[in-house]
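Asker: Here it is, the structure, as structure tokens.
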Amino acid sequence: MLKEKGINTTKSVIDVYYDDLSTGELCQIIEANFKIVNKASEQNIKGVKTNELKTWASSLQAVEEDKKHYKDVSELKEYIKGLPEEVDKTKVSEIISITYDKIKQFKK
């Protein structure tokens, strides 16, 4: 899908070390975002309901402000909260972009 749009891709392995709760939650949110992206990208899927994702994200344990990834977790939680009730293929590239911005900090 990305190659069709002229976007080059590569496959990378990124190691993430659990520093504190914020790292764990950030990784869980990133994984959840990719599940939505993958589902919405399927050929016969018109859209993916986001209610379950929103409920799950809002139920995550609060991260203290002094934790390493507090800002990233807070930003992603707010982003998820603002998603429409249903995400379709037109929203996929935005979700990928926002999620990748959080992942790239782990690249060495």
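Read-outs throughout are calculated quantities, based only on the coordinates presented, and are distinct from any laboratory measurement. Because the structure is a prediction, the values reported are computed rather than measured. Here Cβ is always computed from backbone atoms with ideal geometry, including for glycine, and neighbour counts include all displayed protein chains.
Asker: Fewest first, what order do THR23, THR90 take by the number of other Cβ atoms within 10 Å? Each step should come with its number before you reach the end.
Answerer: Working: THR23 19, THR90 9.
Sorted ascending by nearby Cβ count, the order is THR90, THR23.
Asker: Please give the calculated 222 nm ellipticity per residue for the chain, where each DSSP H segment of at least 4 residues contributes -39500 (n - 2.57) and the sum is spread over every residue; nearest 500 deg cm²/dmol? Write down the numbers at each step before the final one.
Answerer: On the way: 4 runs with 57 residues, N = 108.
Counting only the DSSP helices, I get -17000 deg cm²/dmol.
Asker: Let me ask something additional. For the pairs LYS39/LYS68; LYS46/LYS89; LYS11/LYS89; LYS77/LYS102; LYS49/LYS77, flag any whose C-alpha to C-alpha distance is greater than 19 Å. Don't skip to the end; give the middle numbers.
Answerer: Numbers: LYS39/LYS68 30 Å; LYS46/LYS89 7 Å; LYS11/LYS89 22 Å; LYS77/LYS102 12 Å; LYS49/LYS77 16 Å.
From LYS39/LYS68; LYS46/LYS89; LYS11/LYS89; LYS77/LYS102; LYS49/LYS77, over 19 Å: LYS39/LYS68; LYS11/LYS89.
Asker: To continue, here is another question. Among all the aspartates and glutamates, which ones have a C-alpha under 15 Å from LYS107's C-alpha, if same-chain residues fewer than 8 places away are not counted?
Answerer: List returned: ASP15.
Asker: OK, next. For the chain, compute the orientation-averaged projected area of the C-alpha convex hull (one quarter of its surface), in nm². Show your work: numbers first, answer last.
Answerer: On the way: hull surface 28.9 nm².
Averaged projected area of the chain's Cα convex hull equals 7.2 nm².
Asker: If you rank GLU64, GLU25 by fewest surrounding Cβ atoms within 10 Å, what's the result? Intermediate values should be presented prior to the final figure.
Answerer: Details: GLU64 10, GLU25 23.
Result, fewest neighbours first: GLU64, GLU25.
Asker: Sort 34-43, 65-74 for me by packing, meaning the mean count of neighbouring Cβ atoms within 10 Å per residue, highest on top. List each step's numbers first, then the result.
Answerer: Working: 34-43: 14.2, 65-74: 16.2.
Top to bottom by mean Cβ count within 10 Å: 65-74, 34-43.
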